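> To start, I am sharing the structure in question, which I have written as structure tokens.
The values are calculated or read from the model by the stated rules, or taken from the named source; none is laboratory data. Keep in mind the model is a prediction, meaning the values are calculated, not measured. A quick note on method: Cβ atoms are made from the backbone with ideal geometry, for glycine too, and the neighbour counts reach across all protein chains shown. Areas reflect the complete protein model, heavy atoms only, side chains present, ligands, DNA and RNA absent. Shrake-Rupley method; radii C 1.70, N 1.55, O 1.52, S 1.80 Å.
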Amino acid sequence: MSDTNFDTKETEQKEGFQETFMSHLFELRDRVVKSAIAVIIVFVSLVYWAPDIFHLFAKPMLDSLPAGGKMIVTDVTGSFFVPMKVTMLVAFLIALPIVLYQVWAFIAPGLYTHERKLVLPLVVSSYSLFLIGMSFAYFLVFPTVFQFMASYNAPLGAEMSTDIDKYLSFAMSTFLAFGITFEVPVVVVVLVKMGIVSIEKLREIRPYVIVGAFIIAAVVTPPDVLSQLLLAIPMCILYELGLFIARFYLPKTESPEEKTA
């Protein structure tokens, strides 16, 4: 009789787990669909201006081209799909707060109250810093790099022409590199808040972080020294900013000596 009751309870637990899992799966599907709809709505609203958006996107390169230089299309469908890709990127960035809200609404029920209070500022700061990183690349890095490359092309006497698809790939990778780089303060704060690494330890590894910043910059940026400095130096500054902000997010188990350090 006891064995029968045990089997019944085990069956009920399995069924309850399956129902809970399926309900979470359905909710995740709904959140993904809502996020996709938000991006599509913004994209459809912007698609009419896709050529203008691409022209604004390519302005740093166009302004740096010498007289006679131009952007070209080497793919039959490039003149259509490249502006569409750029417009989709802009639509995603505009709709990203809605996407992040859907993520937040999905995970919030499983978080403690203090974790909820931490997640919202981190999401807002991450989104803001990513946009700032992209803006830094667009307004400062792009003009500097393109003018530097154009100056090297001039002595060769060659006509400088750039394929729009290759420019898109370069710009996307640069945006991603600088956007992620500007997330350094958030990473530092999370590591300290979660108690994974202490502020004192992060201060001790500062020399290694500086070396790592220059190595990363050398890998993800063009081969000129100036563009590498434009990535490595902000990364180091943002690391220091993260250390400063993390002082206000010390875990409760932090020792008094380290709090006053």
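> When you check PHE214 against the structure, is it out of contact with any Gly (no Cβ under 9 Å at 6 or more places or on another chain), at pLDDT below 85 and not polar (S, T, N, Q), yes or no?
Here the answer is no, as PHE214 does not meet what is asked.
> Yes or no: the stretch 166-178 includes at least one residue that is open to solvent by 40 Å² or more (accessible area, probe 1.4 Å), under 30 Å from SER79 (Cα atoms), modelled with pLDDT under 90 and among the charged types (D, E, K, R).
Yes, some residue in the stretch 166-178 is open to solvent by 40 Å² or more (accessible area, probe 1.4 Å), under 30 Å from SER79 (Cα atoms), modelled with pLDDT under 90 and among the charged types (D, E, K, R).
> Could you list, in sequence order, the residues of the stretch 56-69 that are modelled with pLDDT under 85 and under 14 Å from GLN147 (Cα atoms)?
Result: SER64, LEU65, PRO66, ALA67, GLY69.
> Go over the candidates PHE57, PHE43, PHE92, PHE106 one by one and state the one that is open to solvent by 60 Å² or more (accessible area, probe 1.4 Å), in contact (Cβ under 8 Å) with a residue 12 or more places away in the chain and closer than 22 Å to TYR138 by Cβ.
Testing whether each residue is open to solvent by 60 Å² or more (accessible area, probe 1.4 Å), in contact (Cβ under 8 Å) with a residue 12 or more places away in the chain and closer than 22 Å to TYR138 by Cβ leaves just PHE92.
> Whether any residue in the stretch 231-242 is open to solvent by less than 20 Å² (accessible area, probe 1.4 Å), under 17 Å from the mean Cα position of the chain (by Cα) and either of a type in the set (S, T, N, Q) or closer than 30 Å to GLY78 by Cβ (or both) is what I want to check.
Checked against the condition, which is being open to solvent by less than 20 Å² (accessible area, probe 1.4 Å), under 17 Å from the mean Cα position of the chain (by Cα) and either of a type in the set (S, T, N, Q) or closer than 30 Å to GLY78 by Cβ (or both), the stretch 231-242 yields at least one hit.
Here is a yes/no grid of residues against (1) more than 19 Å from the chain's Cα centre (by Cα); (2) on the phi > 0 side of the Ramachandran plot; (3) in a helix (DSSP H, G or I):
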{"site": "THR74", "(1), (2), (3)": "yes, no, no"}
{"site": "PHE81", "(1), (2), (3)": "yes, no, yes"}
{"site": "VAL90", "(1), (2), (3)": "no, no, yes"}
{"site": "ALA108", "(1), (2), (3)": "yes, no, yes"}
{"site": "SER135", "(1), (2), (3)": "no, no, yes"}
{"site": "MET149", "(1), (2), (3)": "yes, no, yes"}
{"site": "GLU159", "(1), (2), (3)": "yes, no, no"}
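> Could you say whether any residue in the stretch 124-146 is surrounded by 14 or more Cβ atoms within 10 Å (Cβ to Cβ), free of Cβ contacts under 8 Å to residues at least 24 places away in the same chain and out of contact with any strand residue (DSSP E or B) (no Cβ under 6 Å at 6 or more places or on another chain)?
Yes, the stretch 124-146 contains at least one residue that is surrounded by 14 or more Cβ atoms within 10 Å (Cβ to Cβ), free of Cβ contacts under 8 Å to residues at least 24 places away in the same chain and out of contact with any strand residue (DSSP E or B) (no Cβ under 6 Å at 6 or more places or on another chain).
> Being closer than 26 Å to LEU131 by Cβ, touching a Phe, Trp or Tyr at 6+ places or on another chain (Cβ under 9 Å) and surrounded by fewer than 20 Cβ atoms within 10 Å (Cβ to Cβ) is the filter here, so list the residues in the stretch 188-219 that pass it.
The answer is VAL190, LYS193, LEU202, VAL209, ILE210.
> Filter the stretch 61-72 for residues that are outside any loop (DSSP other than H, G, I, E, B), open to solvent by 80 Å² or more (accessible area, probe 1.4 Å) and either hydrophobic (A, V, I, L, M, F, W, C) or closer than 21 Å to SER173 by Cα (or both) and give the result.
ASP63, the sole residue that qualifies.
> Is there a residue being modelled with pLDDT of 80 or more, of a type outside the set (Asp, Glu) and open to solvent by 80 Å² or more (accessible area, probe 1.4 Å) anywhere in the stretch 110-122?
For the stretch 110-122, residues modelled with pLDDT of 80 or more, of a type outside the set (Asp, Glu) and open to solvent by 80 Å² or more (accessible area, probe 1.4 Å): absent.
> Can SER64 be described as touching a residue at least 24 places away in the same chain (Cβ under 8 Å) and closer than 28 Å to TYR239 by Cα?
no
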